[in-house]
Structures are given as C-alpha cells and as structure tokens.
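First the structure, in the form of structure tokens, and then the observations on it.
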Amino acid sequence: MLSSAITGAIDLFSLAGITWHHIHHTQPQQIFDVSLCSVDKAPFKCINGIQLLPHKDIASVVTADLVLVPTIGGDLTLVTENNQALLTHLRRLYDTGCKIASNCTGAFLLAEAGLLDGKVATTHWGYETPFKQRYPQVQLDISRLVTHQDGVYCSGGGVAWLDLVLLLIAEFCGEQVAEETAKAHVLDHARTSQRAYTSIQQKTLHGDMAIAKVQHYILTHYTENVDIAVLADIANMSPRTFSRRFKAACEMTPQQYVQSVRIEHARKQLDITAKPIEQIVHDVGYSDVSSFIQLFKRWVGQSPHQYRMRKTRG
C-alpha cells in the first residue's frame, strides 16, 4: 500500500476544523474521529517499507460514516484474491449506509466487492485497460479525478486522495470547512480531471502490429492532414475494417488518436517552452486557435493557459 495515501488522508480528516482555527487564533473543533483498520488488526508494511499499526480490526466496526480504501501498492490480482475477508466487510458496512471510498487502484477492491457495478468510477489512468477488462460492468471514466454515485466514491491516480478527502469533508461538513482545510494546508481545491496527467503511450500496449504501424506513422506525421484512407492503406485494410480494428485496439477512433497526439505534443511545449499559445497551436497542426483551445479543454480539462499556469501557482 502507499503510506501517504493512508497517513495523509488520516491527517487531513483529523485536522479539518483544527488547523484553520489555530492559524486564526479561534476555537478549534475536532470534526472527524478517524481509525486505521485492517483484517484481524494485523500490522502491514507499505511499499516504502514503513509499517503501520492499525487501531482496530475491521470486523469490530459495526457502523461507520465512511470507509476509505487506499492505493494498492502490490500485484492487483494477488491483492484482490488475498483480501476476500476485507471485501465481505466492505459490502457489510455499505449495506448499513456507510459511504465507501477508494483512492487510485483501491478501486479494484471496490469493483471486486461488486460495489461499483453499474456505477460511474475512476482509478489511476495507467490502469484503465486492465480495469475495463476485469470489470466491464463498471462505467469507468478515466478523465474524472473524483467520482461519486450512490454512496461510493473513487479518486484517480497518485495523490488524488487529496481531492477525494476534500470532497468528502465538503460532503460531511460543508463547503466552507473544506475550503478552509484546503487553504490551511495550501492545497488546490479546484481540480476535476486527471487528463492533464495521462499519456498517449498507454494506447500502444495492445499487441496489434498493423495498428501499431499506423500509430507510428501518426506520431511522425501528426502536423500534417492525416487522411483515413492513407492510414487504412498503411494497415493494408479497407477504411471500414481499419476504423473498426483501430478502435478495438486503441479504444478511440483514428481521428481521436490524431487529436490526442497533437494535444500531447502541445502539452509538452506548454511544459518546457515559453512559446506563445498561438505558435504552439500552429506547430501541432492546427490553424484555428479558438477551435484548438476548445479541443484542448475537452481533452485535458483545462485551457492551455490554465495548464501552463498550474506549475507557476503559489
């Protein structure tokens, strides 16, 4: 498990209603009573070697307002197979009205427990394909940083637990307390998408060599007008067969893939250069700046200007 996703979440919940008031010399108020639980109260070692000692055996928890499942730091198959007892307790507590949440790959445990069936969910963008393969009954939306439906919450990759915990603080205590907690701990309380962190490289891990050949062509010709007939010829297929095969391999249409490659190159230029946005737009193969900005915002969840400025906040 990822220790920061556990201890960090405990800290943020525990300090809601505390830190802000200490800073302003007003009366603090403890809002959350937080406990670390495991099956049989067994200690566990996180991936960085830190060992954590739980407060309780989860079997002893009869009722709770919220259970948060952290990031899985090990082999997903082994972890889900070896934690059937935990899954039973998650289902039991959910049936009592307890809200259940997960960070990052912790969503695999929620899905394994059946708590995400028919619901919108998210997880780390790098695990989109295995999640969809294992849990087709879940409506996975990898663009979302946080999802919630019917008392089940999921957050995206890495430290998205920050966004999840702030959302949960707002759900339980109101937006003002969440905003005060974010400000007191110097956190951005406005993120909604993890598209800004994804990589198009994930779409090449499918094993279809004919489609991979086309992808290589697109990666070297993305600034040009890429015609579907030309791409089909490279794959030695009819346009109709090629379009169907490409979507099956990459989970997007050829046109969407071209757009994603252009967006990724634009992101790189925004990250490492000071070029004007208008120049970057033309560099990646677009002539209409306004249309590109709208496209960028749909893909990334932020405008090019917002994306560039995210590294200079503070």
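Residue-by-condition table, conditions (1) out of contact with any Ser or Thr (no Cβ under 6 Å at 6 or more places or on another chain); (2) farther than 20 Å from Val152 by Cβ; (3) part of a loop (DSSP other than H, G, I, E, B); (4) of a type in the set (D, E, K, R):
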site	(1), (2), (3), (4)
His22	yes, yes, no, no
His25	yes, yes, yes, no
Ile31	yes, yes, yes, no
Pro54	no, yes, yes, no
Thr63	no, no, yes, no
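For residues that are part of a loop (DSSP other than H, G, I, E, B) and at pLDDT 95 or above, scanning just segment 135-145, find the one that is nearest to Glu112 (Cα to Cα).
Among residues in segment 135-145 that are part of a loop (DSSP other than H, G, I, E, B) and at pLDDT 95 or above, the one nearest to Glu112 (Cα to Cα) is Tyr135.
One line per residue, one yes/no per condition, for (1) touching a Leu at 6+ places or on another chain (Cβ under 7 Å); (2) in a helix (DSSP H, G or I); (3) in contact (Cβ under 8 Å) with a residue 40 or more places away in the chain:
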position: Gly49; (1), (2), (3): no, no, no
position: Leu68; (1), (2), (3): no, no, yes
position: Thr71; (1), (2), (3): yes, no, yes
position: Thr88; (1), (2), (3): no, yes, no
position: Gly97; (1), (2), (3): no, no, yes
position: Ser102; (1), (2), (3): yes, no, yes
position: Gln133; (1), (2), (3): no, yes, no
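Would you pick out the residues in segment 267-297 that are touching a residue at least 40 places away in the same chain (Cβ under 8 Å) and not small (Gly, Ala, Ser)?
The answer is Arg267, Asp271, Asp283, Val284.
Exactly one of (1) surrounded by fewer than 18 Cβ atoms within 10 Å (Cβ to Cβ); (2) in contact with a Leu (Cβ under 7 Å, 6 or more places away or on another chain); (3) part of a loop (DSSP other than H, G, I, E, B); (4) not β-branched (Val, Ile, Thr) is unmet by Asp117. Its number?
(2)
Any residue in segment 26-47 that is under 28 Å from the mean Cα position of the chain (by Cα), among the basic types (Lys, Arg) and in the same structural domain as Ala113 (by TED's automatic domain parsing)?
yes
Please tell me if Thr63 is over 25 Å from the mean Cα position of the chain (by Cα) and either more than 23 Å from Asp163 (Cβ to Cβ) or surrounded by fewer than 18 Cβ atoms within 10 Å (Cβ to Cβ) (or both).
Yes.
The values are calculated or read from the model by the stated rules, or taken from the named source; none is laboratory data. In this text, all values refer to a predicted model and were calculated from it rather than measured experimentally. All Cβ positions, glycine included, derive from the backbone under ideal geometry; neighbour counts span all protein chains shown.
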